[in-house]
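The values are calculated or read from the model by the stated rules, or taken from the named source; none is laboratory data. What you see is a predicted model; the values in this text were computed from it and never measured. Backbone-built Cβ (ideal geometry, glycine too); neighbour counts: all protein chains shown. The protein model used for the area step is the full one, side chains on, heavy atoms only, and it has no ligands, DNA or RNA in it. Shrake-Rupley method; radii C 1.70, N 1.55, O 1.52, S 1.80 Å.
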Amino acid sequence: MKKIGRFKNPEAQQRYFTVYEKALRECPQPDEVLDVACRHGTTRVYRFGAGARPLVLLPGLMATAVCYAPLIPGLDGPVYALDTLGEAGRSVQTRPFAGIRDRALGLDDVLAGLGLDEVRLVGGSTGGWHAVNQAIHAPDRLAGICLLDPTTVSAKFSAATQRRALAAMVLNRDRDWRRFVAWSAGKDVFDQPAAQVVVAGIRAYRARIPLQDCPPDDALRGIRTPVLALFGGRSVVHDPVAAAANLRRLVPQAEVEVLAEAGHYLYLRPQDRERVIEAIGS
């Protein structure tokens, strides 16, 4: 059981879900709430709208489906927003992951359980890593992937990110998390419900997931799924110019764009949000 992610204790779990439910109330009302079985547990899925071209949203680390609240109203359905299995949220892990391929196989189980094919995957931050991992290890259900300032795909986290995140986790005070969130997002969004969910998840949940690192160059070169990637020109969590250049070099068929004034929180500014929604729908 030590290899299975879980909340630290019942009190931490209760505190977390108080924050989570508050953030969920800020989201559009889903048409359906599902808990989809897969080989490693159950994955919480929120469905919005209907249609013939399924769109599946993969959140960043501990960000859950609520991080996509600003985008969902502008997206054509059906839109499926997930809580990542193995992290805080309403998904429940019951078996350990043997490696990164297991994470792709688990997501493939979820897509199969939803009856989806020709899926457009959208991943922001570490969700972008999951989308790429899917394109490498279990691409058969995919029509394409859209990456929103993806981390540990074509560039590692910056040294400053690692230092600042570690300091915030060790000190674990609101003021330290506020500094980190403001620095990483490019604006003080600490009090926003989606940011509160991330911090609450880090504080309350013990994740037991395989090491997430940049895929080998040959694995990226082997991707055949269509790729669209948007990077924030002011993103500080990695070098966005180098990340974009590396992705163009390793996945030459990918469409890659750098939004010059955007930070890692790629759709924070309304004008960047409009471009992100347009790109996802293309």
How many residues does region 236-261 contain that are under 25 Å from residue 142 (Cβ atoms) and of a type in the set (Gly, Ala, Ser)? 4
Residues that are β-branched (Val, Ile, Thr), over 21 Å from residue 39 (Cβ atoms) and touching a residue at least 12 places away in the same chain (Cβ under 8 Å): does region 93-101 have at least one? no
I'm trying to understand the selection: among the residues of region 17-48, which are part of a loop (DSSP other than H, G, I, E, B), under 15 Å from residue 70 (Cα atoms) and of a type outside the set (Asp, Glu)? 25, 27, 28, 29, 30
Run down 51, 60, 77, 89 and say which single residue is part of a loop (DSSP other than H, G, I, E, B), open to solvent by less than 30 Å² (accessible area, probe 1.4 Å) and at pLDDT below 95. 77
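Is it the case that region 127-135 has a residue that's at pLDDT below 95 and either small (Gly, Ala, Ser) or open to solvent by 60 Å² or more (accessible area, probe 1.4 Å) (or both)? Spell out how you get there, then give the answer.
Here is the first cut: in region 127-135, the ones at pLDDT below 95 are none.
Checked against the condition, which is being at pLDDT below 95 and either small (Gly, Ala, Ser) or open to solvent by 60 Å² or more (accessible area, probe 1.4 Å) (or both), region 127-135 yields no hits at all.
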Kindly list, by first and then second residue, each pair from a residue in region 150-163 that is on the phi > 0 side of the Ramachandran plot to a residue that is open to solvent by less than 30 Å² (accessible area, probe 1.4 Å), limited to pairs with Cβ atoms under 7 Å and residues at least 6 apart or on different chains. 152/129
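Could you list, in sequence order, the residues of region 1-16 that are charged (D, E, K, R), surrounded by 14 or more Cβ atoms within 10 Å (Cβ to Cβ) and not in a helix (DSSP H, G or I)?
The one that is charged (D, E, K, R), surrounded by 14 or more Cβ atoms within 10 Å (Cβ to Cβ) and not in a helix (DSSP H, G or I): 6.
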Looking only at region 212-231, and only at residues there that are of a type outside the set (Val, Ile, Thr) and touching a strand residue (DSSP E or B) at 6+ places or on another chain (Cβ under 9 Å), the one that is nearest to residue 143 (Cα to Cα): 226
Taking region 207-261 as the region of interest, how many residues are outside any helix (DSSP H, G or I), polar (S, T, N, Q) and over 19 Å from the mean Cα position of the chain (by Cα)? 1
Return the pairs, sorted by first residue and then second, in which the second residue is among the hydroxyl-bearing types (Ser, Thr, Tyr), the first residue lies in region 238-264 and is touching a residue at least 60 places away in the same chain (Cβ under 8 Å), the beta carbons are less than 6 Å apart, and the residues are 6+ apart or on different chains. 238/158; 243/154; 246/154; 247/154; 263/235; 264/184; 264/235
